[in-house]
1. Run Pro134 past the list (1) of a type outside the set (Ser, Thr, Tyr); (2) buried (at least 18 other Cβ atoms within 10 Å of the Cβ); (3) out of contact with any Phe, Trp or Tyr (no Cβ under 7 Å at 6 or more places or on another chain) and report the number of the one that doesn't hold.
2. Taking Ser93, is it modelled with pLDDT under 95, surrounded by 15 or more Cβ atoms within 10 Å (Cβ to Cβ) and in the same structural domain as Thr383 (by TED's automatic domain parsing)?
3. Could you grab me the full set of residues in region 249-308 that are of a type in the set (S, T, N, Q) and under 30 Å from Thr409 (Cα atoms)?
4. I'd like to check which strands (runs of 3 or more DSSP E) are fully inside region 398-458 and have at least 3 residues that are buried (at least 22 other Cβ atoms within 10 Å of the Cβ).
5. Looking at (1) outside any helix (DSSP H, G or I); (2) surrounded by 17 or more Cβ atoms within 10 Å (Cβ to Cβ); (3) in contact with a Gly (Cβ under 9 Å, 6 or more places away or on another chain); (4) in the same structural domain as Phe82 (by TED's automatic domain parsing), which is the one condition that is false for Leu382?
6. Any residue at all in region 271-280 that is surrounded by 16 or more Cβ atoms within 10 Å (Cβ to Cβ), more than 16 Å from the chain's Cα centre (by Cα) and over 29 Å from Arg112 (Cβ atoms)?
7. Being modelled with pLDDT under 95 and either assigned to a helix (DSSP H, G or I) or over 16 Å from the mean Cα position of the chain (by Cα) (or both) is true for just one of Asp297, Asp233, Asp285. Which residue is that?
8. Applying the selection to region 96-121, what residues are outside any helix (DSSP H, G or I) and surrounded by 18 or more Cβ atoms within 10 Å (Cβ to Cβ)?
Amino acid sequence: MFPTLYQVHTRVFLTELSKTLNRPATLDDVSDELLDDFAQQGFDWLWLLGIWQTGPAGREVSRTSADWRSGFVEDLPDVTDFDVCGSPFAIQSYTPHTAFGGAEALARFRERLRARGARLMLDFVPNHIALDHPWVDEHPEFIVAGTEAELRAEPHNYVRLGDRIFAYGRDPYFPGWRDTLQLNYRHPGLRRAMIETLAQITGYCDGVRCDMAMLLLPNVFKRTWGDRSLPHDAQPVDTPFWPEAIDAARAKNPDFLFLSEVYWDLEATLQAQGFDYTYDKSLYDRLCTGDAEAVRDHLLADDDFQRRCARFLENHDEQRAAAVFEPAMHEAAAVLTYTVPGMRFFHEGQFDGRRKRMNLHLARKAEEFPAPLVRDFYLRLLTCLRRHEFHKGHWRLLTQRPAWNENPTWRNFIAYEWRDDAGQRTLVVVNYGRTQGQCYVDLADESLRGNSILLRDQMSRAWYQRDGYELCDRGLYLDLPAWGYHVFDVSLT
């Protein structure tokens, strides 16, 4: 099963709904018509980003940080203090936010999704907590501590709260996130508490997207924090956290799904520790460069690894696809991203061709006119993706060869097929290059021999009749413009 996921920034979405209703909106105000449309487009999962309770401390940091403020203006030129709500990842409590209707409204929303055959994904932010989380007073031993000397030398990485100094949450390559505190995964009490928290979350949703999940890997954590993370009141624990936590969550809910945000070529490591899907940033980066050979090489990876990748063209951390890719390249990149094995991960605003990011610290997004051609493309692509073989079929990467000597454009082609057990077949071919190109694609399928083959493009009105003998002996000849593509239904006539 290769599910489709749609990400929504909950705070921004409900802010816009509030304007329509002329009153504060909660999840109960999301219309049945909107959920019907979501389900009819073929989505299996809805990720409500930022559902958990945040507090005033994080919001105050967001409002008073001059460097962050410059980023707010870039994303929302007319930003005001009222728009600054604070990061949803500075979590004060893993309870549904009161402003969104609390636990009761979330439970009703989840049931409405289930009635339409869809499931709910929420955030798990394991690396850090908000500055005003109860553990600051109740369990300071759960948080990485700092010293006076460290605070003086690295004020961007440490903060004084009361009579204690704590480390900001961070990864090893960037300064700390100043609205958060770093949890200590070498402390056995903290690990038990976070496993209990995750088990509690399983009662609210059907899966979690785990923020920066690789930061908890023992070698990464020790490299980042060193001896600062040695607990003062317990023996350090240096075994992997995720297998234990995932097993505990699935003891509560056997079907609970785990999606990992992960970088640094650690995807396979986290898959081995129990994650169902891991971000595929590598495919995204290769698509951005326009390097077809690098994309094809990436798709040569082990089948089990491929099917557990979450493929995306944008999310809240990346620039908008419409701003990164020129229009024709955008379509080609999307066809490749969403018609290979794995989770198909879409982002709110992507279908409208939005070019400005939604800043996580803001409750409002910039106004933009939708791009009808982008929306039309994605509606056609989503229709294609509802084909049975894209979800429960078998995928096979095909090879191609030059159309004639001294024509190197064949290297820009990527081709593969999907086939289900009933014989329904889809052939995807993309010229992922900046010039018109030609090639032969080797179908290597003797069942075509002796038949007339009808190729109907599901993304356009194009269709072609081909002889099965020729396809078997010579391959399928293609001549496509720069960034051209076909998604062929293949049938015997």
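1. Checking Pro134 against (1) of a type outside the set (Ser, Thr, Tyr); (2) buried (at least 18 other Cβ atoms within 10 Å of the Cβ); (3) out of contact with any Phe, Trp or Tyr (no Cβ under 7 Å at 6 or more places or on another chain), the one that fails is (2).
2. Values: modelled with pLDDT under 95: no; surrounded by 15 or more Cβ atoms within 10 Å (Cβ to Cβ): yes; in the same structural domain as Thr383 (by TED's automatic domain parsing): yes.
Considered against the rule, which asks whether it is modelled with pLDDT under 95, surrounded by 15 or more Cβ atoms within 10 Å (Cβ to Cβ) and in the same structural domain as Thr383 (by TED's automatic domain parsing), Ser93 comes out as no.
3. Filtering region 249-308 for residues of a type in the set (S, T, N, Q) gives 253, 260, 269, 271, 273, 278, 282, 289, 306.
Matches in region 249-308: Ser282, Thr289, Gln306.
4. On the way: elements: 399-402, 413-419, 425-431, 437-442, 452-457.
The qualifying strands (runs of 3 or more DSSP E) are 413-419, 425-431, 437-442.
5. (1)
6. Initially, region 271-280 is screened for residues surrounded by 16 or more Cβ atoms within 10 Å (Cβ to Cβ), giving 271, 273-280.
Okay, now just the ones that are also more than 16 Å from the chain's Cα centre (by Cα), so 273-274.
Then keep just the ones that are over 29 Å from Arg112 (Cβ atoms); that gives 273-274.
Looking through region 271-280, at least one residue is surrounded by 16 or more Cβ atoms within 10 Å (Cβ to Cβ), more than 16 Å from the chain's Cα centre (by Cα) and over 29 Å from Arg112 (Cβ atoms).
7. Details: Asp297 fails: modelled with pLDDT under 95; Asp285 fails: modelled with pLDDT under 95.
Answer to the check: Asp233.
8. Initial filter on region 96-121 (outside any helix (DSSP H, G or I)): 96-97, 101, 116-121.
Of everything in region 96-121, those that are outside any helix (DSSP H, G or I) and surrounded by 18 or more Cβ atoms within 10 Å (Cβ to Cβ) turn out to be Pro96, His97, Gly101, Ala118, Arg119, Leu120, Met121.
The values are calculated or read from the model by the stated rules, or taken from the named source; none is laboratory data. Source: prediction; values computed, not measured. Every residue, glycine among them, receives a Cβ derived from its backbone with ideal geometry; neighbour counts consider all protein chains shown.
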